[in-house]
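Single-structure report; data block below.
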Amino acid sequence: MKNYKKTLTIVLAIAMMFTLALPTFAASITQSSYKSRDFNDNTNTEVIAGRDYTQGKQTTYSVYTEEDGDDEVAVLVYASQASTYTVKVPAVLIVNGAYVGANNTNDFGYQVSATGNIAGDEEIFIEPDESFTMSSVGKDDINGTITQEKTTFTYADGLRYDTTLTSAGAGAVTGMTAGLWRGDFSIQIGLRKAA
């Protein structure tokens with residue numbers, strides 16, 4: 001029984017470690033290149049090596065001797081850096097409780113923002129649902145709509161690691177009457193290749 005508990009504890013600890021690590025592994029499309037220092041066994045001199053898994057390249061060396069004569073050698077250089085970004089979206093929104101507009105609509109506004117160091121062929125997307133439902137005890141559900149000026153953010157738009165881009169959003173609800181109303185909608189957030 002004692003060994004069973006110990007084994008179970010180890011298995012659960014390993015499972016938890018992999019569960020916690022999954023978001024980190026899925027965070028980026030690109031894996032950053034890296035360099036390492038190693039020692040050549042034959043000459044005991046330091047050799048600097050690098051590896052770029054995303055582009056499938058690694059540091060290589062060529063040897064030339066005096067028999068090759070004078071020569072000019074082209075050296076290819078590669079680098080990959082994983083994209084990083086931060087977005088800001090609303091968590092709670094308040095609908096104006098007084099009627100506004102010609103059709104007895106109630107409205108609200110919000111803003112989203114994105115900051116990031118992303119590749120030139122990628123885009124951050126912040127895409128809200130186009131509609132949602134609000135409910136109140138003892139009343140029929142009512143429908144709301146969402147519009148957002150901009151849903152994608154790219155390097156070409158001016159997105160940088162130290163530059164934040166914003167976009168305004170708005171919502172409208174029709175048919176609201178007295179009572180306590182609640183609803184929700186989803187905003188899809190992520191990084192993808194630009195269309």
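Report, ordered by the first and then the second residue, all pairs with beta carbons closer than 6 Å, sequence separation of six or more or different chains, a first member in the range 162-191 that is farther than 17 Å from K150 by Cβ, and a second member that is at pLDDT 95 or above and of a type in the set (D, E).
F185/D129; S186/D129
With the structure loaded, tell me whether T147 is in contact (Cβ under 8 Å) with a residue 24 or more places away in the chain, of a type in the set (S, T, N, Q), over 18 Å from K193 (Cβ atoms) and surrounded by 13 or more Cβ atoms within 10 Å (Cβ to Cβ) or whether it fails that test.
Against the criterion (in contact (Cβ under 8 Å) with a residue 24 or more places away in the chain, of a type in the set (S, T, N, Q), over 18 Å from K193 (Cβ atoms) and surrounded by 13 or more Cβ atoms within 10 Å (Cβ to Cβ)), T147 does not qualify.
Going residue by residue through the range 92-108, is there one that turns out to be in contact with a Ser or Thr (Cβ under 6 Å, 6 or more places away or on another chain), surrounded by 10 or more Cβ atoms within 10 Å (Cβ to Cβ) and among the charged types (D, E, K, R)?
No, the conditions are met nowhere in the range 92-108.
Which pairs do you get when a residue that is modelled with pLDDT under 80, found in the range 61-74, comes within reach of a residue that is not small (G, A, S), reach meaning Cβ atoms under 9 angstrom, with the pair 6+ apart or on two chains?
Within 9 Å, the pairs are D71/Y64.
Quickly run through the range 83-110 and pick out the residues that are more than 14 Å from F185 (Cα to Cα) and either basic (K, R) or out of contact with any strand residue (DSSP E or B) (no Cβ under 9 Å at 6 or more places or on another chain) (or both).
Answer for the range 83-110, where residues must be more than 14 Å from F185 (Cα to Cα) and either basic (K, R) or out of contact with any strand residue (DSSP E or B) (no Cβ under 9 Å at 6 or more places or on another chain) (or both): K88, A102.
Given (1) more than 30 Å from Q31 (Cβ to Cβ); (2) surrounded by 14 or more Cβ atoms within 10 Å (Cβ to Cβ), where does I187 come up short, assuming only one miss?
Checking I187 against (1) more than 30 Å from Q31 (Cβ to Cβ); (2) surrounded by 14 or more Cβ atoms within 10 Å (Cβ to Cβ), the one that fails is (1).
Yes or no: T115 under 25 Å from Q31 (Cα atoms) and not in a loop (DSSP other than H, G, I, E, B)?
Yes, satisfied.
If I ask for residues that are surrounded by 15 or more Cβ atoms within 10 Å (Cβ to Cβ) and of a type in the set (A, V, I, L, M, F, W, C), which ones from the range 153-175 would you list?
Hits for the range 153-175 are F153, L159, L165, A172, V173.
The values are calculated or read from the model by the stated rules, or taken from the named source; none is laboratory data. Since the structure is predicted, the reported quantities are computational estimates derived from the model, not experimental observations. All Cβ positions, glycine included, derive from the backbone under ideal geometry; neighbour counts span all protein chains shown.
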